[in-house]
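Before any comments, here is the structure.
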Amino acid sequence: MSETIEFQAEARQLLQLMIHSIYSDKDVFLRELISNGSDALDKLRLASYQDKDLEVDTSDLRIELEQDAEARTLTVRDNGIGMTRDEVVELIGTIAKSGTAEMLAQLREAQDGNAEDLIGQFGIGFYSSFMVADRVEMVTRKAGTGEGVHWESTGEGTYTLEPVEDAPQGTAITLHLKPEDAEDSLHDYAKPETVRRIVKRYSDFITWPIRLITGEDGDTEPINSRKALWARPKAEVTDEELTEFYRHVSHDWQEPLETMRLSGEGTFEYQGLLFLPSHAPMDLFMREARRGVQLYVKRVFVMDDCEALVPEYLRFVKGVVDAADLSLNVSREILQQDRQIQAIRKRLVRKVLQTVAALQENEPEKYATFWTELGRAFKEGLLTDPDNQQAILAASSFPSTHSPDGTTTLKAYKERMPEGQESIYYLTGATRASIENSPHIEAFRAKGFEVLLLTDQVDEVWTDAVSEFDGTPMASIAKGDVDLGGEEDKPEGFDDLLTWMGTELADDVKEVRLSTRLTSSPACLVGDPGDLSPTLEKMYRAMGQ
Ligand code: ADP
Ligand code: MG
């Protein structure tokens, strides 16, 4: 019994983009299919460790590529975990990635060139098959189940599903190649040399065997070298290999901003290969945002998204940690308590903070990219990671009255502090313009005191948790009686007026007092230290609290 099902609306739109191929480098479809095959093999091996009764064959796990020059097909086959019928509908028929709707909205507005960039940031995985194929078939059987399913689509709105009696374990994807690519011998995907070249370029580090079927009688040729990058000496690994590995683990299509290596010997043995991305992941500020570090145990994949290894504010860090002395059966809950994992996490955080600090010091352009894309998440650590608060502050940067654009580090701020200034001053608000026009700032300007202008929502939160930087107090100029050293000049004779105003305004303010902080404005509102800032108050109100 065959059934025809419609793709989810978002999926339909992305497929249209693939069919009309706005992405210039079509070769990447093979990287995506191999990456999925590799994930499926990782999952199967892990499932077989965790469930000894699972009826699966793990004796020769591999990815196979088979071409038919006459029929013009390319098949990518794995004997991994496979999918049930419902999983196919869920995983292939819809796009579950958070941020999809936003991305599609941006795509509708984008020019052709920008559209490619957006797709690059999003990554379209399996759908990239439709860049090179006008019809795609898939046969898959979930490990441990009896019946398989056949899926087929031209990418135009619908797909068909049909049960298959004797499907082999895993997933086979057959691409019916578009005729136009046959004319371009470099991109003729029915030719062995084309797939050899692409695998070498994009998938060489995949640790599972990738084999090309070369003869009628099923002869195969291994076409990848299977080196676990994180276990190889740094000098042996090229930048291209690192980039492709990054793309595999991060499901991102762009280049990483920075690569970091971790290793530990002795009591806890581990290796790590980590990356800072060059752009903010789509889901960075969504509730379900995932952390990007995979856990391996002695080269065996154990889990994606290992939250025990990475604090939330560094959720954009991608990569792999391979630990030597853990059980493969370890659960997420147990990991949180594991001393080895805690030690690695500490090291990982330190490494990331050092790396950001080094970018700040030596590579201003890269640092600027990091800060624009990821700074807002990074600053959450000022609140949530008190142990590293000072290091996070040092590696952060902020707009200030010192210059109309650009940012300053706190170290540079301190170096500019004039005689008589005792604190680092800041003011939070919705926009730079609104802060700069605030009456609070006048007296500071007049004195030549620099003020940090903090406009991110997260600034409202961490500023309450941070009291000093490197021995210098940090003070909001909107709170309390910030001492500008002008007490002795306070004019007298205003007591009656202040008492009268205090009574008249009793419902709205706590106290009316004379201030030395204003120069041209007659009055301003200040909060007590410990009070919510006006922006935070607005945020809470908007949330109904
Ligand atoms: P991503 O890999 O980024 O999740 P894809 O579009 O490449 O996105 O794949 C979507 C999902 O379909 C995968 O997450 C996986 O669950 C499932 N999938 C794709 N290919 C395979 C495969 N060969 N074996 C098992 N599951 C697969
Ligand atoms: Mg994928």
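Computed from the coordinates by the stated procedures, all read-outs in this text should not be read as laboratory data. Being a predicted model, the structure only gives us computed values, none of them experimental.
Axis angle, to the nearest 10 degrees, between helix 239-250 and the longest C-alpha principal axis of the chain: 90 degrees.
Each listed q (0.14, 0.17, 0.24, 0.33 Å⁻¹) maps to a log10 I(q)/I(0) for segment 384-427, found by the Debye formula over equal Cα scatterers with no solvent: -0.38, -0.55, -0.94, -1.22.
I'd like the Kirkwood hydrodynamic radius of segment 31-161, using the inverse of the mean 1/r over distinct C-alpha pairs, in Å.
Every distinct Cα pair counted, the radius reaches 16.7 Å.
Taking the helices alone, the chain has a mean residue ellipticity at 222 nm of -9500 deg cm²/dmol, built from -39,500 (n - 2.57) per DSSP H run of at least 4 residues and averaged over all its residues. By DSSP, the beta bridges lying fully in segment 263-374 are antiparallel in about 65 percent of cases. In terms of its C-alpha gyration tensor, segment 353-421 has an oblate overall shape, because the principal axis ratio a/c (a ≥ b ≥ c, square roots of the eigenvalues) is not below 1.5 and a/b does not outweigh b/c.
Across segment 76-89, computed HN-Hα scalar couplings (Karplus, 6.51 cos²θ - 1.76 cosθ + 1.60, θ = phi - 60°) run 10, 10, 10, 10, x, 6, x, 9, 7, 4, 5, 5, 4, 4 Hz from first to last residue, x flagging Gly and Pro.
The phi-based Karplus calculation (6.51 cos²θ - 1.76 cosθ + 1.60; θ = phi - 60°) puts the 3J(HN,Hα) values of segment 146-152 at x, 9, x, 9, 10, 10, 8 Hz, whole numbers, x for Gly and Pro.
Counting every C-alpha pair in segment 168-300, the share spaced more than 24 angstrom apart comes to 46%. Look at where the Cα atoms of segment 257-285 and of segment 125-188 average out, and the two centres are 34 Å apart.
Between amide H atoms placed 1.01 Å from N, distances below 5 Å from Ala133 occur with Lys178, all of them 5 or more places distant or on a separate chain.
Which value, to two decimals, describes the C-alpha radius of gyration of the chain once divided by 2.2 N^0.38 Å? Rg over 2.2 N^0.38 Å, computed on Cα atoms: 1.20. Over segment 212-259, all Cα pairs binned in 10 Å intervals from 0 give whole-percent P(r) values of 21, 38, 24, 15, 2, listed from short to long. For segment 1-106, the Kirkwood estimate of the hydrodynamic radius, built from every pair of different alpha carbons, is 16.6 Å. Using the Cα gyration tensor of segment 411-474, with a ≥ b ≥ c the square roots of its eigenvalues, what is the shape: rounded (a/c below 1.5), prolate (a/b larger than b/c) or oblate (neither)? Verdict is oblate for segment 411-474.
The Cα-based radius of gyration and maximum Cα-Cα distance (Dmax) for segment 262-307 are 13.4, 39 Å.
Here the Karplus curve 6.51 cos²θ - 1.76 cosθ + 1.60, taken at θ = phi - 60°, turns the phi angles of segment 38-43 into couplings of 5, 4, 5, 6, 4, 5 Hz, with x standing for Gly and Pro.
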